[in-house]
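Here it is: the structure, laid out below.
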């Protein structure tokens, strides 16, 4: 069992950086080193990695890095799920600003300082970050990155537009004022996915503001296989239902589009089997148009991304759409919910749980 390593005599930093991780041996060193090499805001930083008892060598990498860098602390997340890791880190944090960063990412050298500067420039803002820039290492991963950055792939969320600046519904790698967690509570530990969306919803519902700027630059490394991408977006769709049910909020059109598409696709294919032969072309028109749209977009993208990426774009985009839609439908049918939400960890404020 890894014991928490605490530096001796370190002054209280202005910014605490929290990195949840589990079994990230391919990414964790690059990610942590990019954080440790950041331009520091006045007052300095501490980095808290909340590790979910990794068993792939991640822990050994973290132990080595912690010995090299006194500002790095490693704490255990025995429950092994992301929101618990975030909360463990928040409760350990000493800074007046708290950044929640990912282990699948690389950050510009001034990312943290820029986010703190944005909070200083906009005193009305509670959270700052930058638009997401996706990248892949394999050929399929690069196609996924293109799909995630294209309106046909993901949609029109503001944080997906690389040059967007202004207020948004949330930030992917946010830097919060610590008072946010003291006011609205911690992440809901019963939400395996979408816990960040749920916290952002609570924040904005209470009048809080999130600000994005392309000055804050980071790169997210996408899933590299169809199976891992499908699993990720299936879970996003499934747990989106839990967030909707918890807050009794209407699903946005952007979240419903994949579900409407899936119902239409399954319905069309089913009818194509049972209707008279003369009606089959009409029943197959919808699915054919969908495939044609993806292929046309892929062909257009191939001019700048290369023909291989253009060829794989329809596969990547369809995986995003179908996985999310199936997850959303499965969550609805299974009654996905953050059980006992009124008694969940979202009510545990830092003042109540700090130790």
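The values are calculated or read from the model by the stated rules, or taken from the named source; none is laboratory data. Fair warning: this is a prediction, and the values are worked out from it, not measured in the lab. Note that we place each Cβ from the backbone using ideal geometry, even for glycine, and neighbour counts take in every protein chain shown.
Please enumerate the residues belonging to the stretch 107-131 that are under 20 Å from the mean Cα position of the chain (by Cα) and surrounded by fewer than 19 Cβ atoms within 10 Å (Cβ to Cβ).
108
Is it true that some residue in the stretch 132-153 is under 27 Å from residue 72 (Cβ atoms) and part of a loop (DSSP other than H, G, I, E, B)?
Yes, there is a match, as at least one residue in the stretch 132-153 is under 27 Å from residue 72 (Cβ atoms) and part of a loop (DSSP other than H, G, I, E, B).
Something else about it: Is it fair to say residue 196 is surrounded by 17 or more Cβ atoms within 10 Å (Cβ to Cβ), in contact (Cβ under 8 Å) with a residue 40 or more places away in the chain, under 21 Å from residue 112 (Cα atoms) and out of contact with any strand residue (DSSP E or B) (no Cβ under 7 Å at 6 or more places or on another chain)?
Values: surrounded by 17 or more Cβ atoms within 10 Å (Cβ to Cβ): yes; in contact (Cβ under 8 Å) with a residue 40 or more places away in the chain: yes; under 21 Å from residue 112 (Cα atoms): yes; out of contact with any strand residue (DSSP E or B) (no Cβ under 7 Å at 6 or more places or on another chain): yes.
For residue 196, the condition - surrounded by 17 or more Cβ atoms within 10 Å (Cβ to Cβ), in contact (Cβ under 8 Å) with a residue 40 or more places away in the chain, under 21 Å from residue 112 (Cα atoms) and out of contact with any strand residue (DSSP E or B) (no Cβ under 7 Å at 6 or more places or on another chain) - is met.
Are there any strands (runs of 3 or more DSSP E) wholly within the stretch 17-121 with 1 or more residues that are closer than 17 Å to residue 196 by Cβ, and if so which?
Numbers: elements: 45-51, 72-76, 97-100, 105-107.
Output list reads 45-51, 97-100, 105-107.
OK, next. How many residues does the stretch 155-177 contain that are more than 11 Å from residue 212 (Cβ to Cβ), surrounded by fewer than 22 Cβ atoms within 10 Å (Cβ to Cβ) and in contact with a strand residue (DSSP E or B) (Cβ under 9 Å, 6 or more places away or on another chain)? Please lay out each step first, then the result.
Pass one, the stretch 155-177, residues more than 11 Å from residue 212 (Cβ to Cβ): 155-156, 175-177.
With the extra rule that they be surrounded by fewer than 22 Cβ atoms within 10 Å (Cβ to Cβ), the set shrinks to 155-156, 177.
Then drop every residue that is not in contact with a strand residue (DSSP E or B) (Cβ under 9 Å, 6 or more places away or on another chain), which leaves 177.
Number of matching residues: 1.
Determine whether residue 242 is buried (at least 19 other Cβ atoms within 10 Å of the Cβ), touching a residue at least 60 places away in the same chain (Cβ under 8 Å) and out of contact with any helix residue (DSSP H, G or I) (no Cβ under 6 Å at 6 or more places or on another chain).
Numbers: buried (at least 19 other Cβ atoms within 10 Å of the Cβ): yes; touching a residue at least 60 places away in the same chain (Cβ under 8 Å): yes; out of contact with any helix residue (DSSP H, G or I) (no Cβ under 6 Å at 6 or more places or on another chain): yes.
Answer is yes for this residue.
Could I ask something else about it? Got a number for residues in the stretch 18-36 being at pLDDT 90 or above and surrounded by fewer than 17 Cβ atoms within 10 Å (Cβ to Cβ)?
3
Hey, residue 189 hits all of (1) over 21 Å from residue 330 (Cα atoms); (2) touching a helix residue (DSSP H, G or I) at 6+ places or on another chain (Cβ under 7 Å); (3) assigned to a loop (DSSP other than H, G, I, E, B) but one; which does it fall short on?
So the condition that residue 189 fails would be (1).
Based on this model, can you work out whether residue 229 counts as farther than 23 Å from residue 174 by Cβ and crowded, with 17+ Cβ neighbours inside 10 Å? Give the derivation first.
Details: farther than 23 Å from residue 174 by Cβ: yes; crowded, with 17+ Cβ neighbours inside 10 Å: yes.
Yes; evaluated as a whole, the condition is true for this residue.
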